[in-house]
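Novice: The structure follows.
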């Protein structure tokens, strides 16, 4: 799933080149890293990318190994539930017993082997169990930027990896609640990865979001009648409800189970996350591009080739320079970028900076 605008990585991330098309972590676009991570487990001819129509060419350029017809552009954004329902429909049409994994295109995962081991166990189990499996991330610290799930009783095991019933999904907590979750030990980060048979997911949509299921049935009929997928999507998608897959299904269904991730994971949701994936200097500064820092600590400084960014006597800042826009803000307020961008857009001609 390669949607979204990546506003929290402005000014590098723009509407025409969002986060998943950038090497936020690593040296390739995040979506290309996501596809490469599947090597040896899922062949490129079995990978689909759901994105926006305006990003089709860029995604195809970033992922040339995927058949172009399997990089699919939504005519309008409708959040993750319609994307998940569309994925289930496409896989079920290809293989009525097909098992699919729903993955975000922009997560940072360094242990690719551990990722494939966990995903393989989930694939094997989902092929024979009527569950929707998610991958829970045992928390490394009391994060307040992630949703959590509460692990219930153990239900089984595959390849020495246990899986459990999901007792509850919970929203992003405040700091004291996150600290309690960490201490209790049975709350895991919800990474938004799901593995299940397409038919099981379609049944869940039919039960919990019948209007979305009806839209997919309409789309299915149009494809049977000979419409191309872009034509069918243009007719159906604008009328679908905008809703996340968590709200539409996962928080309502009883047949949700979880494998613990045998790998590292980071949503990389805002500029300060780079500190977790880069080598800082002796006083905590992380830099890219040409930068000079003097008597400055714990800053993130991102520049462009051929342009020097100089920082003097300041601490805990994010400084990002691009050819047409520069961001300076405290690291502690980087999560408020969406508010800033509303002011940018309100300026005369402001849309050109988005």
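The values are calculated or read from the model by the stated rules, or taken from the named source; none is laboratory data. All values reported here derive from a predicted model rather than from experimental measurement. Ideal geometry is used to build each Cβ from the backbone, glycine not excepted, and the neighbour counts take in all protein chains shown.
Novice: State the number of residues belonging to the range 244-275 that are in a loop (DSSP other than H, G, I, E, B) and more than 30 Å from residue 300 (Cα to Cα).
Specialist: Final tally of qualifying residues: 6.
Novice: So residue 190 fits all but one of (1) surrounded by fewer than 17 Cβ atoms within 10 Å (Cβ to Cβ); (2) within 17 Å of residue 252 (Cβ to Cβ); (3) without any contact (Cβ under 8 Å) to a residue 60 or more places away in the chain; (4) under 23 Å from the mean Cα position of the chain (by Cα); what number is the exception?
Specialist: (1)
Novice: Quick one: is residue 311 farther than 18 Å from residue 10 by Cα and in contact with a strand residue (DSSP E or B) (Cβ under 8 Å, 6 or more places away or on another chain)?
Specialist: Yes: the conditions hold for residue 311.
Novice: Further question: Across the range 1-52, what is the total count of residues that are assigned by TED's automatic domain parsing to the domain that holds residue 123 and farther than 28 Å from residue 326 by Cα?
Specialist: Total satisfying the criteria: 17.
Novice: How many residues does the range 193-239 hold that are outside any helix (DSSP H, G or I), farther than 14 Å from residue 88 by Cβ and touching a residue at least 12 places away in the same chain (Cβ under 8 Å)? If you could, list the steps in order and put the result at the bottom.
Specialist: To start, the set of residues in the range 193-239 that are outside any helix (DSSP H, G or I) comprises 193-197, 209, 225-228.
Retained after the next criterion (residues that are farther than 14 Å from residue 88 by Cβ): 193, 225-228.
After this cut, where a residue has to be touching a residue at least 12 places away in the same chain (Cβ under 8 Å) as well, the list is 193.
Going through the range 193-239 one residue at a time, the tally reaches 1.
Novice: Here's another thing I want to ask about it. Which of the following residues is surrounded by fewer than 16 Cβ atoms within 10 Å (Cβ to Cβ) and modelled with pLDDT of 95 or more: 296, 291, 351, 310?
Specialist: Working: 296 fails: surrounded by fewer than 16 Cβ atoms within 10 Å (Cβ to Cβ); 291 fails: surrounded by fewer than 16 Cβ atoms within 10 Å (Cβ to Cβ); 351 fails: modelled with pLDDT of 95 or more.
Criteria check complete, one pass: 310.
Novice: Next up: Among 241, 279, which is surrounded by fewer than 17 Cβ atoms within 10 Å (Cβ to Cβ) and touching a helix residue (DSSP H, G or I) at 6+ places or on another chain (Cβ under 7 Å)?
Specialist: Answer to the check: 241.
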